[in-house]
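J.: Let me begin by handing over the structure; questions about it come next.
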Amino acid sequence: MSCEIPVRPSLDPRWWHRNLTTFQKVVVANSAIIAAGAISGPLITLNFSGRTRLPFLVGLLAIGLVAILVANFLILRLAFKPMRELESTMSSVQPGVDEPRVHANFSDPDLRRIATVFNSMLDRLEHERHVSAQRVLQAQERERERVARELHDQTGQALTHEIISLDLLLERTGDVKARQQLEAVKRTLEETLEEVHRMSQDLRPSVLDDLGLVPALRTLAKQPSGAQVALQVDGLRDRLPAPIETALYRIAQEALTNANKYAKASHVNIDLRCLDGHVRLRVRDDGVGFDPGSIPEREEPGRAGLGIFGMRERATLLRGTLDINSAPLKGTEVVANLPLEDNNHDG
């Protein structure tokens with residue numbers, strides 16, 4: 001049985017390589033070469049005569065200079081290679097895209113510290129972006145709720161009052177032509193009132209706040225649209241955290257809008273399941289479909305498909321994922337997976 005003799009860290013070349021900075025390595029290499037030259041110079045002076053001494057000293061000086069240049073070149077070359085990798089990773093960071101991280105396994109301690117600080121900076125930026133975007137969405141939902149309440153309470157009540165006034169006026173009017181005109185105005189007001197109620201529900205459905213996600217999805221599925229909507233729910237007994245309910249409802253709402261407006265679908269299936277500590281929402285239609293590769297990775301002003309960016313942003317902010325599976329003439333499937341444990345403490 002063989003027994004390996006442990007090597008002291010100070011005698012292991014790998015220990016020196018990983019614990020000395022580039023500056024220290026250059027100083028050590030240059031000092032060693034200069035020390036070797038300082039020792040060799042007196043030896044040459046003592047062992048060679050006057051005529052042969054000068055060529056040996058010049059040769060020794062040339063060898064020392066070449067050794068210093070070669071050592072510095074090799075050390076700096078090895079040092080700058082990981083720096084180029086670090087620079088490449090820094091250049092690839094883009095806002096709104098999952099930021100890559102730099103591995104902190106460099107041989108140079110300075111580079112390891114730089115990589116650690118850079119990764120910490122990315123973590124802070126990602127956290128701040130996450131918090132800021134959540135605040136924006138929360139402010140947006142509050143504003144939607146305010147506008148929906150004003151539409152329902154003020155505009156809706158005003159239209160209802162005018163409709164009642166027209167009914168009273170119709171009872172007192174005997175002129176046939178005047179009654180026809182009043183009835184036409186009444187129908188227009190009734191249609192306007194229905195549109196106001198629909199807009200109020202689209203902005204912020206009260207059933208979502210009062211009863212939760214499942215009743216809100218049932219109400220969404222029953223709204224008149226160009227497609228027949230079916231809803232399946234499995235594994236959900238209690239209410240989900242408010243941010244998750246809002247995100248899933250908005251994703252389902254956007255997917256259903258796209259299915260009716262763009263895909264011209266005749267059937268839409270909404271499937272909501274709670275499994276293994278996460279909740280999954282799947283919306284599938286039988287519409288015309290599209291090529292998901294045609295959507296750019298980053299949002300571009302003026303480009304179609306901005307609703308997809310909104311759905312993906314909502315899922316990402318809750319540390320979830322959103323996948324879109326589609327092909328021309330094969331329908332579209334939107335799948336959102338959101339973790340429950342990580343979002344129980346989110347505000």
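J.: On the basis of being open to solvent by 80 Å² or more (accessible area, probe 1.4 Å), within 51 Å of the chain's Cα centre (by Cα) and touching a residue at least 12 places away in the same chain (Cβ under 8 Å), does GLU194 make the cut?
T.: Against the criterion (open to solvent by 80 Å² or more (accessible area, probe 1.4 Å), within 51 Å of the chain's Cα centre (by Cα) and touching a residue at least 12 places away in the same chain (Cβ under 8 Å)), GLU194 does not qualify.
J.: Residues in the stretch 219-240 that are of a type outside the set (Gly, Ala, Ser), within 26 Å of THR155 (Cβ to Cβ) and open to solvent by 30 Å² or more (accessible area, probe 1.4 Å): how many?
T.: Counting residues in the stretch 219-240 that are of a type outside the set (Gly, Ala, Ser), within 26 Å of THR155 (Cβ to Cβ) and open to solvent by 30 Å² or more (accessible area, probe 1.4 Å) gives 4.
J.: Of all residues in the stretch 150-197, which are touching a Leu at 6+ places or on another chain (Cβ under 8 Å) and outside any helix (DSSP H, G or I)?
T.: Hit for the stretch 150-197 is THR173, nothing else.
J.: Please work out if LEU213 is touching a residue at least 12 places away in the same chain (Cβ under 8 Å), open to solvent by 40 Å² or more (accessible area, probe 1.4 Å), touching a helix residue (DSSP H, G or I) at 6+ places or on another chain (Cβ under 6 Å) and under 14 Å from TYR249 (Cα atoms).
T.: no
J.: Tell me, please, whether a residue that is at pLDDT 80 or above, over 18 Å from the mean Cα position of the chain (by Cα) and open to solvent by 30 Å² or more (accessible area, probe 1.4 Å) can be found in the stretch 306-323.
T.: no
J.: Continuing with the same structure: Taking the stretch 126-136 as the search range and keeping residues that are modelled with pLDDT of 75 or more and open to solvent by less than 60 Å² (accessible area, probe 1.4 Å), which one is nearest to ALA184 (Cα to Cα)?
T.: Only one residue tops the list, namely SER132.
J.: Scan the stretch 153-162 and tell me whether some residue there is open to solvent by less than 90 Å² (accessible area, probe 1.4 Å), touching a residue at least 60 places away in the same chain (Cβ under 8 Å) and among the charged types (D, E, K, R).
T.: no
The values are calculated or read from the model by the stated rules, or taken from the named source; none is laboratory data. Only a predicted model underlies this, so the values are computations on that prediction, with no experimental measurement involved. Every residue, glycine among them, receives a Cβ derived from its backbone with ideal geometry; neighbour counts consider all protein chains shown. Surface areas here come from the heavy atoms of the whole protein model, side chains and all, with no ligands, DNA or RNA. Shrake-Rupley method; radii C 1.70, N 1.55, O 1.52, S 1.80 Å.
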